[in-house]
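Structure record follows, encoded as structure tokens.
The values are calculated or read from the model by the stated rules, or taken from the named source; none is laboratory data. Please read all numbers here as calculations on a predicted model, not as lab measurements. Cβ placement follows ideal geometry from the backbone for every residue including glycine, while neighbour counts extend to all protein chains displayed.
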Amino acid sequence: MKIVTLVKQVADTYSERKLSDSDHTLDREGTEAVIDEINERAVEQALLLKEAAGDGEVVVVCMGPDRASDAIRKALSMGADSAVHLSDEAIHGSCAVQTARALTKLIGTVEGWDLVIAGNSASDGQVAAVPAMVADLLGVPALTWANELSVSGSTVTVKRETDDGVTHLSAELPAVVSVGEKSNEPRYPSFKGIMAAKKKPVNNLDLAGAGIDGSEVGLANALVSVTSSAPKPPKQAGEKVTDEGDGGAKIAEYLVGQKLI
Amino acid sequence: MAEVLVLVDHVDGEIKKTTYELLTAAKALGSPSAVVVGGAGAADKLADGLTEHGADKIYAAETDSTDFLAPEVAVLESLIGSAAGVLISASANGKEVAGRLAVRTGSGLLSDVVGVTGDGVQHSIFGGAYTAEAKANTEHPVITVRPGAIDIEASAGAGARESVEVPAASGRQATVTGREPIQGGSRPELTEATVIVSGGRGVGSAEDFTVVEGLADSLGAAVGASRAAVDSGYYPPQFQVGQTGKSVSPQLYIALGISGAIQHRAGMQTSKTIVAVNKDEEAPIFEVADFGIVGDLFKVAPQLQDEVTKRKG
Ligand SMILES: Cc1cc2nc3c(=O)[nH]c(=O)nc-3n(C[C@H](O)[C@H](O)[C@H](O)COP(=O)(O)OP(=O)(O)OC[C@H]3O[C@@H](n4cnc5c(N)ncnc54)[C@H](O)[C@@H]3O)c2cc1C
Ligand SMILES: Nc1ncnc2c1ncn2[C@@H]1O[C@H](COP(=O)(O)O)[C@@H](O)[C@H]1O
């Protein structure tokens, strides 16, 4: 089985995230960049399926600046076999529709894949739609927010868990799946895995290499534009008291003062 | 006035409140047209509520298809031509319908907005740390609106009914083979609650979450949990608050045994009033708390519960 996993590098949620003043895109200078945690779960899911099948291949597909190669490296050191990386100045500021179209082109460079596995929602934009958009463009089924996933023969089944409850989905391969936070616990790369990753093939593409026209991507051609942005003043810490046996009563007093009870 | 399509969010014949929020938001853009995609008769049951909340038109698209989300996408695609825009709730399903509709129709996708005006939309990002304004550069933008962000204003619309076909799905689709609705229980829903009491890893066990529930029930509150509490199996996943859980902004949020990691704060720091109980006086939750008690939650929470119960008489 040949599995494509969509991996995105994002600003670490542990660091303070900012938008740049000039074009309101993510200020990448100011923040640590990491593989999005949910994509580690996507990679893990792909590896689990490959291991269960006894053979197969896991190809990482990523669109992002050069430094996103760190995220790719992490996926390869977990055990993915190879990668395709689209990096080009011109993709800066692409919107969700442009991103989905470009990812679809990148997936098209991978021959004979059976399954695409993505994260359900990126921790930066939380668009939570790119996997379904890519599926639509590819003309294949989308089985999203999977917390359980199995493939038997050419059928993929998924237990989808969202606020609306559990939905059981099934489809024929090829298909796109996105995994949820409770799908698995990603493995840590072993020392051997980290060493092996250095030798794994990465297909580094620019727009021309991926067969994407410059007019299809980028801030200037985006279907939506951010027109202004501003940080909200952080919340001020209030009163803090040490419990002297009357902590519960103190809270009650405070809540009465605030007319909350 | 141009029509604005509103995808009606309903489950098991019941309207979801977010639909009325969408109808309210739609009025800022034009004349709201509610689009009901569902089984036979689904629209009949919802029509009165939709009309009362401003729907000038109600499109009824009846289908018994088991294709996952494909009927919704296909119906909206067939209607979008004459619309000034499409509003969909920013739920997991809604976000996907919106994304698929946007790629099919080449429309700008504005995701998870908290406000809609004729000039554009407002976003609240990075857990409320940033606000941004955005606009679409295409015709009929597709906009998903965060549940709870819009205050509902009921003002009746014309409510004209029209049946529409559900076009056949293009491309292969996933099939729905079963559904299990969430067991709501008697407590208010997290995203709709005015008061939330949340427990973290400090609660220590599933059994001891009764301390959190007890306080919540005395306040008529919803119960939330940190990811660590969920991952430790203390409380079910649908109650997780935070970046990858629910975003909430109740009148009052009480955090018990929660350290206040940035990802947890991302889901609750826009709450009007925050109260925290933590035995570590350095816990970051105190940085956003309006009132904090440094102490043992097992002493403080029951005492607070008693005080609340006493006051209620
Ligand atoms: C990509 C990503 C997404 C994430 N998403 C979320 C999310 O959506 N929601 C979320 O919550 N987290 C999320 N996290 C995890 C987050 O980083 C923290 O690990 C988590 O919030 C910690 O939960 P906690 O505060 O309950 O546990 P801890 O950090 O372990 O804190 C427990 C606290 O309880 C206190 N305590 C212990 N015993 C008592 C007692 N008897 N009385 C009073 N206080 C006591 C301790 O002093 C401590 O401060 C995410 C992390 C990542 C990387
Ligand atoms: N630029 C990108 N490169 C690779 N994968 C992406 C990219 N953007 C989104 N994805 C995939 O789509 C998932 C959901 O992202 P989103 O819809 O943006 O919230 C992510 O977890 C990734 O798997």
Inset, instruction - Using the structure shown, decide if residue B:202 is within 16 Å of ligand 1 (Cβ to nearest atom), of a type outside the set (Val, Ile, Thr) and either more than 8 Å from chain A (Cβ to nearest Cβ) or not in a loop (DSSP other than H, G, I, E, B) (or both). - result: yes
Inset, instruction - Go through (1) more than 9 Å from every other protein chain (Cβ to nearest Cβ); (2) surrounded by fewer than 23 Cβ atoms within 10 Å (Cβ to Cβ); (3) over 29 Å from the mean Cα position of the chain (by Cα) one by one and return the number of the condition residue B:303 breaks. - result: (1)
Inset, instruction - Return only the number of the condition from (1) touching a residue at least 60 places away in the same chain (Cβ under 8 Å); (2) among the small types (Gly, Ala, Ser); (3) under 21 Å from residue A:179 (Cβ atoms); (4) buried (at least 18 other Cβ atoms within 10 Å of the Cβ) that residue A:53 does not satisfy. - result: (4)
Inset, instruction - For residues that are polar (S, T, N, Q), at the interface with chain A (Cβ under 8 Å from one of its Cβ atoms) and within 13 Å of ligand 1 (Cβ to nearest atom), scanning just segment B:232-275, find the one that is farthest from residue B:127 (Cα to Cα). - result: B:238
Legend entry - Boolean, residue B:307 is outside any loop (DSSP other than H, G, I, E, B), closer than 17 Å to residue A:239 by Cα and either within 16 Å of ligand 2 (Cβ to nearest atom) or among the acidic types (Asp, Glu) (or both): no
Inset, instruction - Pick out the one residue from B:283, B:229 that is assigned to a loop (DSSP other than H, G, I, E, B), of a type in the set (A, V, I, L, M, F, W, C) and outside the structural domain of residue B:131 (by TED's automatic domain parsing). - result: B:283
Legend entry - Whichever residue in segment A:41-55 is away from chain B (no Cβ under 14 Å) and among the charged types (D, E, K, R) and, among such residues, is farthest from ligand 1 (Cβ to nearest atom): A:55
Legend entry - segment B:186-199 - residue that is in a loop (DSSP other than H, G, I, E, B) and among the polar types (S, T, N, Q) and, of those, farthest from residue B:277 (Cα to Cα): B:186
Inset, instruction - Would you mention how many residues in segment B:172-198 are under 28 Å from residue A:141 (Cα atoms) and surrounded by 15 or more Cβ atoms within 10 Å (Cβ to Cβ)? - result: 6
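Okay, residues lined up against (1) hydrophobic (A, V, I, L, M, F, W, C); (2) out of contact with any His (no Cβ under 6 Å at 6 or more places or on another chain); (3) in contact (Cβ under 8 Å) with a residue 24 or more places away in the chain:
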residue	(1), (2), (3)
A:204	no, no, yes
A:221	no, yes, yes
A:225	no, yes, no
A:231	no, yes, yes
A:237	yes, yes, no
A:241	yes, yes, no
A:244	no, yes, no
A:251	yes, yes, no
A:261	yes, yes, no
Legend entry - Evaluation of residue B:217 against (1) part of a helix (DSSP H, G or I); (2) more than 13 Å from every other protein chain (Cβ to nearest Cβ); (3) within 12 Å of ligand 1 (Cβ to nearest atom) (one fails), failing number: (3)
Legend entry - Enumerated helices (runs of 4 or more DSSP H) restricted to segment A:182-261, each holding at least 1 residues that are within 13 Å of chain B (Cβ to nearest Cβ) and buried (at least 18 other Cβ atoms within 10 Å of the Cβ): A:247-257
Legend entry - Output for segment A:67-90, where each listed residue is over 17 Å from the mean Cα position of the chain (by Cα) and over 19 Å from residue A:45 (Cβ atoms): A:88, A:89, A:90
Legend entry - Listing of strands (runs of 3 or more DSSP E) fully contained in segment A:130-177 that carry 1 or more residues being more than 7 Å from chain B (Cβ to nearest Cβ) and β-branched (Val, Ile, Thr): A:142-152, A:155-162
Legend entry - Residues (surrounded by 21 or more Cβ atoms within 10 Å (Cβ to Cβ) and not hydrophobic (A, V, I, L, M, F, W, C)) located in segment A:1-45: A:5, A:8, A:9, A:13, A:17, A:36, A:39, A:40, A:41, A:44, A:45
Inset, instruction - Can you tell me which residue within segment B:238-284, out of those that are among the basic types (Lys, Arg) and in contact with a helix residue (DSSP H, G or I) (Cβ under 8 Å, 6 or more places away or on another chain), is surrounded by the most Cβ atoms within 10 Å (Cβ to Cβ)? - result: B:265
Legend entry - Selection within segment A:56-96 - within 11 Å of ligand 2 (Cβ to nearest atom) and within 14 Å of chain B (Cβ to nearest Cβ): A:94, A:95, A:96
Inset, instruction - Answer yes or no as to whether residue B:295 is buried (at least 19 other Cβ atoms within 10 Å of the Cβ), among the small types (Gly, Ala, Ser), farther than 27 Å from residue B:148 by Cβ and within 13 Å of ligand 1 (Cβ to nearest atom). - result: yes
Inset, instruction - Please enumerate the residues belonging to segment A:110-129 that are more than 12 Å from chain B (Cβ to nearest Cβ), within 20 Å of the chain's Cα centre (by Cα) and surrounded by fewer than 21 Cβ atoms within 10 Å (Cβ to Cβ). - result: A:110, A:113, A:114
Inset, instruction - Residue by residue through segment A:1-35, note down the ones that are assigned to a loop (DSSP other than H, G, I, E, B) and touching a Gly at 6+ places or on another chain (Cβ under 6 Å). - result: A:1, A:18, A:25
Inset, instruction - Of the numbered conditions (1) within 15 Å of ligand 2 (Cβ to nearest atom); (2) in contact (Cβ under 8 Å) with a residue 60 or more places away in the chain; (3) of a type outside the set (Phe, Trp, Tyr), residue A:138 fails exactly one; give the number of that condition. - result: (2)
Inset, instruction - Can you give me the number of residues within segment A:84-123 that are within 18 Å of residue A:174 (Cα to Cα), outside any loop (DSSP other than H, G, I, E, B) and hydrophobic (A, V, I, L, M, F, W, C)? - result: 8
